[in-house]
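This report concerns only the one structure given below.
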Amino acid sequence: MKMGNRIDKVLASIEGIERAQAPAGAFEKIQQKILVQKIEERKLNPMQWLAAASAIALIVVGNFIFITSYRNQEAELPQSKTYSELISNFNIYDDEN
C-alpha cells in the first residue's frame, strides 16, 4: 500500500501543471547562432595560412632542386657499354686478365 500511496501523491502533485512554452523566436535565434559558429569555424587564422603557404613553397622548391639535379646527373653520365653489347658477348665485366 505504501507504493500505491506514493504514486497517488505524485499524480496529485502534477495536476494543474501547464505545458512549457518556448519564447517567441527562440528557434530562429538558435539557428542563427549555429550559422555564425559554422562561419567562424571555416575561417583560418593567419598562422594556418602561413603554415600552408610555407609547406607548398617547400614542396615546390624541393621538386625544382630534384629536377635540376636529376637533369645534371643525366648529362654527366659516362659513356658505357649498352645493354645489347653486354648481352652479345656475355661479358658483363671488363676483362681484367
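The numbers here are math on the coordinates, done by the rules we state, and not lab data. Since we're looking at a predicted model, the values are computed, not measured. Because the Cβ atoms are built from the backbone with ideal geometry, glycine has one as well, and the counts that use them run over all protein chains shown.
Measuring from label point to label point, each 7 Å out along Cα→Cβ, what is the Arg71 to Met47 span in nm?
The answer from the label model is 4.0 nm.
Starting at the first residue of segment 5-21, write each ³J(HN,Hα) from the Karplus equation 6.51 cos²θ - 1.76 cosθ + 1.60 with θ = phi - 60°, in whole Hz, x for Gly and Pro.
So the J values, rounded to whole Hz, are 5, 5, 4, 4, 4, 5, 5, 5, 6, 8, 5, x, 6, 9, 5, 5, 10.
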